[in-house]
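Here's the structure, in structure tokens; my notes come after.
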Amino acid sequence: MAKTVSKNILQILIILIFNNFLAQETPGKLTENTANDTIPKQDTIVLKKEPLESVLQTKADYNRRDFQKKMIYLNKNAQVKYQDVQIDADYISINESKSLMYARGKQDSSGKYIEPAVITQAGKKYETDEFQYNTKTKKAIAFNARTEESEGVIVAEKTKKYNDSVFAMRRANYTTDDYFIKKKDTAADYHLRASNIKLVKTKNKSSIISGPIQMYIEQVPTPLIMPFAILPFSDKRSAGILIPSFGERQDVGFFLNGLGYYQPIGEHFDLKILSDIYTKGSWNLRPEMNYVKKYRYSGNFSADIGTAVRGIKGLDDYGKTSTYRIAWRHTQDTKANPFLNFSASVDIVSTKFYNNTLNNNYILNQNVLNTQQNSTVTITKRFLKLPSTITATASYSQNFATGLSDLRLPQMNVAINQFYLFGSKTGTRTGLLENITVNTGLNLTNFVQTNEGELFTAAMWDKMQTGLKNNIALGTNTTIAKYFTFSLGANIDNALTTKTIKKYYDPLLNRPVTETNKGISGYSTFSTTASIQTTLYGQANFKKGSAIEAIRHMVTPSIGFTYSPDFGGSGFGYYKNYYDANGALTPYSIFDGGIIGSPSSGMVGALGFNIGNNIEMKVRSKKDSTGVKKLKIFESLNLSGNYNFAAKDHPFSIITINGQSSFFNNKLNVNTSLSLDPYKIVYLPGQDTGIRTEDLGGFSVQGFNLQLSYPLSSEIFGEKTDYAKKYKAKGEVRNENYYFDDDNYAHFDQAWTLNVNANYAYTKSYASRTPTRLASVGLDGSIKLTPYWNINGSTHYDMVTKQLAYTRIGFSRDQRSFTINFNWVPFGQYKVYDFFIGIKANILSDALKYKDRSFTQPNAPF
């Protein structure tokens, strides 16, 4: 039956479909004059078209119009379509006299809503129990309305619409729990609850502004309460509060770590301001700015500025230390300019920064163990037609143990690409002449070693040295008798510097004195080498019944001769002499301690050798498809040393042995090195310093190092359990499938990893009777107690001091739509525990951030 609806009624439906959304709790009740429908089902009511309006289509199992009361009733499977909007509800009524429209979902016999009213517009669905709209005032009230916004869903007990852009809600919950959104679960694993919130809708985005808001986990309130919140529903980056972790540190008290605010700035910048607050008075401020330009560059600036307070004021243990850290990272995209590249890695800290760190991340990441900090800024220029590369570098290196810093500002290197000195006559290079290659370049360095207080002062500039070095390396090789490779080489070094030294003995001071002479001076040195190398193979085969099929041994021996003159001779002028307190003539180089180093003294005519070994074994294996398995006994085992014919004493050098191998399917890695002194060392009674004699045969150990590492995991041991065959019962927990035994215990794979590493180092020289030993064992790994609980940690045990070194234990819980992390350092200088809750959804990673979602995250503009 055709009916006529006024223009105002059509406007009501359009506005309602666009704006009805949000939650489901116990609804309020609206007054509605309803009547029992007695007219049979009509498929469509086509209302007379008003000017500038589209056709409104309705259908229901039962519909009726009361002309006297000016009411339209749609009952049971009621539906209204208008343009791209569709309303489905159990009941819809329109009161023309009061300018009211009412709709509600399906109820059971007790009046409880069992199905919501659904509004679909442009493919998006909104659900509500009931709502009422006044066409004259254009205001609406919705109860238990539910809507999906971006990655989350909002449920509000009561919603009042002021206009098309502003909505006020009372007792509203917001969650990003995917299971709750998809109605796999009737309760969200977490939600944010506010008594009053305002929803503001604009053309491009929507956002929620609330007063005090509290987090609930599994319907249980938590102490995580914020005075206000801004939840932006937009694909673009948006401002938001940065949620901190909290815990306690023994030295500085309870804390909030990482509390702050995030603010995007245009398309290419964003800013984070973090703070660390401690109950004993310490504080730290951490601003950070990220920037990016697609296909050009990216980087960030960051800083740590704070004051560490320890002890109680007025007592001897009280201390107050100011610290700072300034960092800059810049990376140029390789596509930006292949001929010019700029990069920066700057990290400058106060000397006591890591000893007084207030950012707990440096403790958990073991940065507090740093003994040195390096900063570098580099510009590299390449040329299309010139065979050279220019690299300019400024570097700053801080040594926390000595308190000294090395500054190189600037340092420039000009490298000429390797080239052949002579052309090939046949197109294939043969012989020594055609294979001669030349490598050369220039290196300019300005260097000074200073302390933190002298940095960029007149005293620092006065100590700065300038050096220029040029190296020319010539090399060639050829094959002799098919199996031998013969090589020749020459190396020439030229160096200039602006400072040299002069030493003399001052009888008044009763000690040697060193004077610095300013002026350009330099030296030139050269050396030549000749070597021959070959490869030998040997194999031992075993009988068929043996478990070992064969052992293969590859030997790579080489022998070479090196010559360089004595640059310490008086004819060169690089070395001088002075008389010490005992009247002994003592030589020294005028370049000692300088930026370009000192030329070598003493003639070198040394015959050197190196023997490389590779040993493999083939064993029979039924598990291998070929029936044979290859095992590496030694991937490399090298023996090297030399004999200097020109030396006046101790012509034999220290003999070194280096080995590397891996076992158990390359799981166990072994690295070892050994240094042996061929001369006997004698220690006189009562003296700690030994005398290195000229007698051969001592072969005392001067150094030994052994490093072991082995990664263990649950995959290595045993076969994977087939739970489907072993257990008959199957169930579901949090939408994950489990198998249950007869006692109703769930079974699943408990994956785990454990990395074991060990290190032993022994060092001894004739300068001391007592050797130095270092020995430690380290463990780090993780285990999944359940599919959602993970434990990880690391520790090191010092076997010399018999103490545990740095130890960390961490727990993490995957709570479906958010994570819980707990980290604990139980002992040591920094005893700390840190607790954190973070929401996974990207929409709240901006508004309530718990991770660094900057330009590297999805949907970020460039």
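Laboratory data are not the source of any read-out in this text; all were calculated from the coordinates shown. Here the structure is a predicted model, which means the values were calculated and not measured. Positions of Cβ are backbone-derived with ideal geometry, glycine not excepted, and every protein chain shown enters the neighbour counts.
Cβ crowding within 10 Å ranks Thr479, Thr450 as Thr479, Thr450, fewest other Cβ atoms first. Legend: ranking of residues Asp780, Asp276 from fewest to most surrounding C-beta atoms inside 10 Å; resulting order Asp780, Asp276. Evaluating 6.51 cos²θ - 1.76 cosθ + 1.60 at θ = phi - 60° for every residue in segment 577-585, the Karplus couplings come out as 10, 9, 8, 7, 4, 8, x, 7, 6 Hz, glycine and proline recorded as x. Taking 0.36 nm per residue of separation and subtracting the Cα-Cα distance, full extension of the segment from His553 to Ser424 would add 42.7 nm. In terms of modelled amide H atoms, which long-range or inter-chain residues lie less than 5 Å from the amide H of Lys98? Sorted by chain and number, the residues that satisfy this come to none at all.
Could the peptides 586-592, 364-370 be put in order, highest first, of the mean number of other beta-carbon atoms found within 10 Å of their residues? Show your work: numbers first, answer last.
On the way: 586-592: 16.4, 364-370: 14.0.
Going from most to least packed, we get 586-592, 364-370.
Note on segment 558-714: along the principal axes its Cα atoms extend 77, 41, 33 Å, ordered by decreasing extent. Among 562-573, 92-103, 412-423, the peptide with the highest mean count of other Cβ atoms within 10 Å heads the list, and the full ranking is 92-103, 562-573, 412-423.
Taking θ as phi - 60° and the Karplus parameters 6.51, -1.76 and 1.60, the scalar couplings of segment 437-450 work out to 10, 10, 10, 8, x, 10, 9, 10, 9, 10, 9, 8, 10, 9 Hz in sequence order, x denoting glycine and proline. Could you tell me how far the Cα centroid of segment 309-327 sits from the Cα centroid of segment 278-301, in Å? Measuring centre to centre over Cα atoms gives 24 Å. Centre-to-centre, using Cα atoms only, segment 109-186 and segment 455-504 are separated by 77 Å. Remark: segment 374-384, residue by residue, has Karplus-estimated 3J(HN,Hα) of 10, 10, 8, 10, 10, 10, 10, 10, 10, 10, 6 Hz, where x stands for each Gly or Pro and the curve is 6.51 cos²θ - 1.76 cosθ + 1.60 at θ = phi - 60°. Sorting Leu442, Leu274 from the fewest to the most surrounding beta carbons within 10 angstrom yields Leu442, Leu274. The mean sequence separation of alpha-carbon pairs under 8 Å and at least six residues apart, normalised by the residue count of the chain, gives a relative contact order of 6 percent.
Relative contact order of segment 199-299, please, whole-number percent, based on alpha carbon pairs below 8 angstrom and at least 6 residues apart. Don't jump to the answer; show the numbers that get you there.
Details: 187 pairs, mean separation 15.9, N = 101.
16 percent.
For Gly698, the residues 5 or more places off, or on other chains, whose built amide H falls under 5 Å of its own are Tyr679, Lys680. Which one of Val368, Ser322, Ala344 has its Cα pushed farthest toward the positive end of the charge dipole of segment 307-377, where Lys and Arg give +1 and Asp and Glu give -1 at the Cβ? Positive-end residue among those listed: Ser322. Between the helical axis of 7-19 and the longest alpha-carbon principal axis of the chain there is an angle of about 30 degrees. Only helices enter this figure: runs of n ≥ 4 DSSP H residues, each worth -39500 (n - 2.57), summed and divided by the residues of the chain, yield -1000 deg cm²/dmol at 222 nm to the nearest 500.
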